[in-house]
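The values are calculated or read from the model by the stated rules, or taken from the named source; none is laboratory data. Being a predicted model, the structure only gives us computed values, none of them experimental. Cβ coordinates were reconstructed from backbone atoms using ideal geometry, including for glycine residues, and neighbour counts include every protein chain displayed.
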Amino acid sequence: MKAIIVGGGIMGLSTAWGLARDGHEVELFEQGPLPNPLASSMDEHRLIRHPYGDQMGYARLIDDAYAAWDLLWGDLGQRFYAATGTLALTGNGADWAERSARALATIGRPMIELRVADLPTRFPQIEAKGVERAFWMDSGGVLFAQDIVTALAQHLARQPRVRLHPHTPIRSADLEQGRIVTGAGATHAADVVVVAAGAWVGHLLPDLGRRLVPSRQVVIYFDLPAAARAAWANGPMIIEKTGDVGLYLVPPMEGRGLKVGDHEFSRAGDPTAERAASEDDIRPLLERCRSLLRGFERWRTDRLKACFYTVTADERFVVEKQAAHGWVMSPCSGHGFKFGALMGLELARTLATGRDAGAHARWAAGLEATAAT
Ligand SMILES: Cc1cc2nc3c(=O)[nH]c(=O)nc-3n(C[C@H](O)[C@H](O)[C@H](O)COP(=O)(O)OP(=O)(O)OC[C@H]3O[C@@H](n4cnc5c(N)ncnc54)[C@H](O)[C@@H]3O)c2cc1C
């Protein structure tokens, strides 16, 4: 079988990897360099964690996601992951952590509830102001995203049946016929075309642009005093909702940066422009950091990064067959990277074996336990 993949982020590359492992032919087209620094997948790190609110389907998939990453580490000859454990904090009427704890107990992966009074001793780097309940889980950690994408692109470049085309924007895709046209006017055809174009998907497939809405998200990298850096060097990862802004904190594992971001979708912006971020973008987040992080007044903003991802109304992934010879692959809404290797392997399997497309879409949406009927 021959597949064309549009997009060289984690989803396109993982699908190419899955197909190449089984001996299929792949041509992958990327509009920028490969990897492209503007892609969603290109940041120092992305989190993987079991707690998932009510979305039990995704919580259940986390073990499969870890297994897929392990397979990838085997092929790449290197592991790009650091374990941190997961600390979930909640208050101010928010109940995401409680809902996560309930869902995880139901699937037999319970979180441990911590006494709020014990937090300052166990995590001296945190001020527990506004925290009403706290939960801990040993699992969870940091995937070194841009290192993964870079190593995977290099690995694919060495595969005899894979051809990578960086700096080759695709102007149009005919998913009925399995054909694409490049910006320079060249036509390529295959048995299947997979569009994994991230936040640009609406440019290529305008009908999908209404379901998959680009969202500009700003993250902050901090420069920490040496003592604070040492205190955070082994984690934890924090998922927090005790103020007006829900916050996540990525600890500086293995010498990477410490990053803070929020999960409030902007649902606005153009992924090719609007890449500069300003202090105005981050004011509410800084406010929240001030009351959550001990010694925060000595932290300095190192850099801001404006990233884009697509958001769906219910935050479920869209991996769907479109027409006779096409698929759209958009597992995102700000939580897709952790499933990148798994989404690629499973889509490759469905493409190669003709498994039921509807079952695959429901699995990717977190509604079925397996991608096969
Ligand atoms: C700030 C932020 C924080 C996040 N945190 C997490 C997290 O903690 N955990 C987690 O699991 N996920 C997280 N995510 C989400 C995760 O990063 C994304 O779900 C994932 O990277 C999406 O990968 P992708 O391959 O679909 O898209 P991308 O990585 O954006 O790749 C799409 C590629 O397609 C290319 N392309 C587009 N159009 C064309 C065209 N016409 N022709 C050729 N090439 C084209 C683009 O240039 C791009 O390289 C976060 C995302 C952001 C932005």
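Would you pick out the residues in region 62-88 that are assigned to a loop (DSSP other than H, G, I, E, B) and without any contact (Cβ under 8 Å) to a residue 40 or more places away in the chain? The answer is Gly77, Arg79. Scanning region 83-95 for residues that are surrounded by fewer than 19 Cβ atoms within 10 Å (Cβ to Cβ) and within 25 Å of the chain's Cα centre (by Cα) yields a total of 4.
Taking the listed residues Leu347, Leu285, Leu342, Leu304, the one that is within 13 Å of the ligand (Cβ to nearest atom), in a helix (DSSP H, G or I) and either surrounded by fewer than 22 Cβ atoms within 10 Å (Cβ to Cβ) or among the acidic types (Asp, Glu) (or both) is Leu285, with no other qualifying. Counting the residues of region 200-234 that are surrounded by 14 or more Cβ atoms within 10 Å (Cβ to Cβ) and either among the β-branched types (Val, Ile, Thr) or under 21 Å from Ala323 (Cα atoms) (or both) gives 14. Considering each residue of region 98-106 in turn, none proves to be touching a strand residue (DSSP E or B) at 6+ places or on another chain (Cβ under 9 Å), surrounded by 16 or more Cβ atoms within 10 Å (Cβ to Cβ) and within 30 Å of Gly32 (Cα to Cα). Summed over region 54-74, the residues that are surrounded by fewer than 17 Cβ atoms within 10 Å (Cβ to Cβ) and either closer than 22 Å to Ala199 by Cβ or not acidic (Asp, Glu) (or both) give a count of 4.
Within region 96-112, residues that are farther than 12 Å from Met56 by Cα and in the same structural domain as Asp138 (by TED's automatic domain parsing) have Cβ atoms under 9 Å from residues that are assigned to a loop (DSSP other than H, G, I, E, B) and aliphatic (A, V, I, L, M) in these pairs: Ala97/Met111, counting only partners at least 6 apart in sequence or on another chain.
Applying the condition of being among the polar types (S, T, N, Q) and more than 13 Å from Leu47 (Cα to Cα) to region 138-156 and asking which residue is surrounded by the fewest Cβ atoms within 10 Å (Cβ to Cβ) yields Gln154. Residues that are surrounded by 15 or more Cβ atoms within 10 Å (Cβ to Cβ) and assigned to a loop (DSSP other than H, G, I, E, B) were ranked within region 265-282; the one that is nearest to the ligand (Cβ to nearest atom) is Pro271. When region 37-46 is filtered for residues that are touching a residue at least 40 places away in the same chain (Cβ under 8 Å) and surrounded by fewer than 23 Cβ atoms within 10 Å (Cβ to Cβ), the ones remaining, listed by number, are Leu38, Met42, Asp43, Glu44, Arg46.
Among the residues of region 89-135, write down those that are more than 22 Å from Glu254 (Cα to Cα), assigned to a strand (DSSP E or B) and not polar (S, T, N, Q). Hits for region 89-135 are Leu89, Ile112, Glu113, Leu114, Arg133, Ala134, Phe135. Taking Val328, is it touching a Phe, Trp or Tyr at 6+ places or on another chain (Cβ under 7 Å), over 23 Å from Phe80 (Cβ atoms) and of a type outside the set (Ser, Thr, Tyr)? For Val328, the condition - touching a Phe, Trp or Tyr at 6+ places or on another chain (Cβ under 7 Å), over 23 Å from Phe80 (Cβ atoms) and of a type outside the set (Ser, Thr, Tyr) - is not met. Taking each residue of region 9-24 that is acidic (Asp, Glu) and looking for partners that are assigned to a helix (DSSP H, G or I) and more than 8 Å from the ligand (Cβ to nearest atom) with beta-carbon atoms closer than 9 Å, six or more apart or interchain, yields Asp22/Ala348; Asp22/Arg349; Asp22/Ala352. The set of residues in region 20-32 that are more than 9 Å from the ligand (Cβ to nearest atom) and in a loop (DSSP other than H, G, I, E, B) comprises Asp22, Gly23, His24.
Counting only strands (runs of 3 or more DSSP E) wholly contained in region 140-252, the ones carrying 2 or more residues that are more than 10 Å from the ligand (Cβ to nearest atom) occupy 162-165, 179-182, 187-189, 192-195, 213-223, 237-241, 247-250.
One residue stands out among those in region 350-373 that are part of a helix (DSSP H, G or I) and among the β-branched types (Val, Ile, Thr): the one that is farthest from Tyr81 (Cα to Cα), which is Thr353.
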